[in-house]
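Worksheet: one structure, shown below.
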Amino acid sequence: MVLFAGDCISLLRSIPDNSIRLVVTSPPYNLGKSYERKGDFDKYLAWQDEVIGECIRVLHPQGSLCWQVGNYVHEGEIVPLDIALYSSFKRRGMKMRNRIIWHFEHGLHCTRRLSGRHETIMWFTKSDDYLFNLDAIRVPQKYPGKKHFKGPKAGQYSCNPLGKNPGDVWVIPNVKNNHVEKTIHPCQFPIELVERLVLSMTEPGDWVLDPFAGVGSALAAAARHGRRAVGAELDKEYAEIAKQRLLQANSGVLPVRAMGQPVYDPSRSGKSLTMQPWANSKTSAIGSQMVLLDSARAQYKVKK
Ligand SMILES: C[S@@+](CC[C@H](N)C(=O)[O-])C[C@H]1O[C@@H](n2cnc3c(N)ncnc32)[C@H](O)[C@@H]1O
């Protein structure tokens, strides 16, 4: 386990070529968050390009690189960073295998555009001969009792008993205040998001690298599954928390949200906050909300 409290470029330059089985990271987005300074977007892209070049150099020929990003936003205009950064990978011969949509339900409430509720993970490999263990991340089938109804397999179960491919849309809660993994970091990875990548794209003992380690969530995901982890984090306070979390992960006491746990639905758990105060005895809760919505929408009615 190696945690470098400093600039990722310095760490990357010390790593040998072709040695890392999985690079998984979420870089700063140039938004002016507490851990970054918003600067010229072209300079930001040039800096990302340099880091990406180094990550590709250290990547094992059968390895995977997962770059998790959202949007850069400037004066209300959004630039999806996966679109902006794609050429940095493609130009170096990397092959995209999936553009995974990570959907979550909490975040800023926008008023001049739709609220952002997804980010993406760009998954690239260095060659066509890459490691991918699908069985390690299968999820339960929707209809496990379904059988072939004709042909030579008629009567036999048609699904894979190990479960189905999880697909490329992943519904995983983001780490907000009531999440068991929450630290002081404003944008940490949920560990289960990285666990899927670690389990399917690496073997025990492989090296996993996160150049923008934050509070060490990706490194902890690797450690929890017997992989070796290396990362850099510029902010000393986050690096110290990452160190503590890695020690906890190694001794099996790191609080984590279990992989595959269903997303919590407050309306099904009888919470008083889910009852609509504007509902009355004559209308159902949903009915009365529709009345409110109808009167609000009246001003937008299409004129015939
Ligand atoms: C989006 S956050 C990553 C959070 C991380 N995925 C986690 O789960 O905690 C990006 C991180 O990169 C760090 N960072 C920014 N520039 C850096 C650099 N040049 N080298 C290393 N870390 C850097 C920031 O301090 C921030 O913690």
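Please treat every number below as a calculation from the coordinates, not as lab data. Everything numeric here is computed off the predicted structure, so don't read it as measured data. Quick reminder, even Gly has a Cβ in these numbers, built from the backbone with ideal geometry, and neighbours come from all protein chains shown.
Give me the number: length gained by fully extending Asp135 to Arg57, i.e. 0.36 nm times residue separation minus the C-alpha to C-alpha distance, one decimal in nm.
Extra length from Asp135 to Arg57 when fully extended: 25.2 nm.
With both bridge residues required to lie in the stretch 2-264, what share of the DSSP beta bridges run antiparallel, to the nearest 5%?
55 percent
Tally Lys and Arg at +1 and Asp and Glu at -1 over the other residues with C-beta under 15 Å from the C-beta of Pro166: what net charge comes out?
Net local charge, Pro166 excluded: +2.
With the calculation restricted to Cα positions, what are the radius of gyration and Dmax of the chain in angstrom?
22.5, 71
Take the cross-link list Lys95/Lys146; Lys90/Lys142; Lys126/Lys164; Lys90/Lys243; Lys182/Lys271 and give me the ones stretching past 30 Å between alpha-carbons.
The answer is Lys95/Lys146; Lys90/Lys142; Lys90/Lys243.
State the volume of the convex hull built on the alpha-carbon positions of the stretch 1-73, expressed per residue in Å³ and rounded to an integer.
103 Å³
Calculate, axis by axis, the spread of Cα positions in the stretch 93-162 along the three principal axes, and write the results as whole Å, longest axis first.
In descending order, the Cα extents are 55, 36, 20 Å.
Compute the signed sum of charges (Lys and Arg +1, Asp and Glu -1) over the other residues within less than 13 Å, Cβ to Cβ, of Tyr86.
So the environment of Tyr86 carries a net charge of +3.
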